[in-house]
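*Asks:* I'd like to ask you about the structure that follows.
Derivation of every value follows stated rules applied to the coordinates shown; laboratory data play no part. Given the structure is predicted, the values throughout are model-derived calculations rather than measurements. Ideal geometry is used to build each Cβ from the backbone, glycine not excepted, and the neighbour counts take in all protein chains shown.
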Amino acid sequence: MEEKRMGEIALAVLKHKLSRDGIRIGSDIKRDIGNLSKATGVPQADLKVFARILVQEAIDKAFC
């Protein structure tokens, strides 16, 4: 399986999980992003942009 297709599947699974389980935003979010960055090697700035996009999509879907 190509890496692009695996990314598409992972994104679909993540979006489904967020819509089912909800989004937790609290005072620990910055620390959680920092920990996730360290664990995955993905820069914090990229994780913040990615999270913002996913949260906005979830909000838009909830109100449409």
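*Asks:* Please give the length that would be gained between N35 and K48 if that part of the chain were fully extended, namely 0.36 nm times their separation in residues minus their C-alpha to C-alpha distance (nm, one decimal).
*Replies:* Working: separation 13, 0.36 × 13 = 4.68 nm, distance 1.25 nm.
Length difference between fully extended and current span is 3.4 nm.
*Asks:* Moving on. Output the Cα-based Rg and Dmax of the chain in Å, rounding Rg to one decimal and Dmax to a whole number.
*Replies:* Considering the chain through its Cα atoms, Rg and Dmax are 12.9, 39 Å.
*Asks:* With helices defined as uninterrupted DSSP H runs, which ones in the chain have an alpha carbon span along their own long axis of at least 15 Å and mean Kyte-Doolittle hydropathy of at least -0.5? Numbers along the way, then the final one.
*Replies:* Details: long enough: 3-21 (26 Å, -0.53); 29-40 (16 Å, -0.55); 44-63 (28 Å, 0.40).
For the chain, where a helix must reach 15 Å along its axis and average at least -0.5, the hits are 44-63.
*Asks:* How many lysine pairs in the chain, separated by 8 or more positions in sequence or lying on different chains, have Cα atoms less than 18 Å apart?
*Replies:* Values: K4/K15; K15/K48; K15/K61; K17/K61; K30/K38; K30/K48; K38/K48.
Here the count comes out as 7.
*Asks:* Still on this structure: Taking 7 Å along the Cα-to-C-beta vector as the label spot, tell me the V13-K61 distance in nanometres, rounded to one decimal.
*Replies:* Once both label points are built, they end up 1.6 nm from each other.
*Asks:* What FRET efficiency would be calculated for the residue pair E3, I23, taking the C-beta separation as r and a Förster radius of 30 Å, to the nearest 0.05?
*Replies:* Values: r = 27 Å, r/R0 = 0.89.
So, using R0 = 30 Å, E works out to roughly 0.65.
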